[in-house]
Amino acid sequence: MSMPWGSTEEPETERVELGTVPVHVVSSGIKTEKSVGTEFGRWRTLLVANVVNQDCVTPGGQRLLNRSLRRHRALIGVFATIAAQPVLDGVIVGSPGEIASGNPAVPGRLGGYLPIGSNFRYESQAELWVCYPSTNVNPVYVTICDEVYASGESRKERE
């Protein structure tokens, strides 16, 4: 056992070790992240009405958000198009496969139902579509802000 230098018993041998540097390991499960705020917020307002358009066979079917690896989050709100619109009017949201499936757009049977006045954060990179429910009386507006990064994918290393 060696004693510290300057103690009453000086060691006879001196051990010299090179300083060690821990090995830096990069995980294969790299997660796409960015620690700073978003760089752009792209605002859009869509009218979701009982009409079939070129994008989808389901009435009002259209893409709200494309698939984006650069998305931080999206803010989504559903609003009335006329005064005194029934509060049960809304939209159905879901994947492109659900909305364009050709199934009847009935709340509770297709995708997720969002009534007028709904607003929320969508924190996913997946594509999101919307359609007009068969139970609506009037069209509705859907306003979104897609918060994305301007630069390409950033990688954060996990230790």
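The values are calculated or read from the model by the stated rules, or taken from the named source; none is laboratory data. All values reported here derive from a predicted model rather than from experimental measurement. Cβ coordinates were reconstructed from backbone atoms using ideal geometry, including for glycine residues, and neighbour counts include every protein chain displayed.
Which ones in the stretch 75-93 are among the small types (Gly, Ala, Ser) and either loosely packed, with under 13 Cβ neighbours inside 10 Å or farther than 20 Å from Trp43 by Cα (or both)? Even if it seems obvious, please write down each step before you answer.
Of the residues in the stretch 75-93, the ones among the small types (Gly, Ala, Ser) are 77, 80, 83-84, 90.
Correct list: Ala83, Ala84.
Checking each residue in the stretch 42-74 for being exposed (fewer than 13 other Cβ atoms within 10 Å of the Cβ), within 25 Å of Asn103 (Cα to Cα) and either among the aromatic types (Phe, Trp, Tyr) or in contact with a Gly (Cβ under 6 Å, 6 or more places away or on another chain) (or both) picks out only Val57. For the stretch 127-145, state whether one or more residues are exposed (fewer than 14 other Cβ atoms within 10 Å of the Cβ), within 17 Å of Trp43 (Cβ to Cβ) and among the polar types (S, T, N, Q). The answer is no, given that none of the residues of the stretch 127-145 is exposed (fewer than 14 other Cβ atoms within 10 Å of the Cβ), within 17 Å of Trp43 (Cβ to Cβ) and among the polar types (S, T, N, Q).
The number of residues in the stretch 51-88 that are within 20 Å of Ser118 (Cβ to Cβ), small (Gly, Ala, Ser) and in contact (Cβ under 8 Å) with a residue 40 or more places away in the chain comes to 5.
Scanning the stretch 134-154 for residues that are modelled with pLDDT under 95, touching a strand residue (DSSP E or B) at 6+ places or on another chain (Cβ under 6 Å) and closer than 27 Å to Ile82 by Cβ yields a total of 2.
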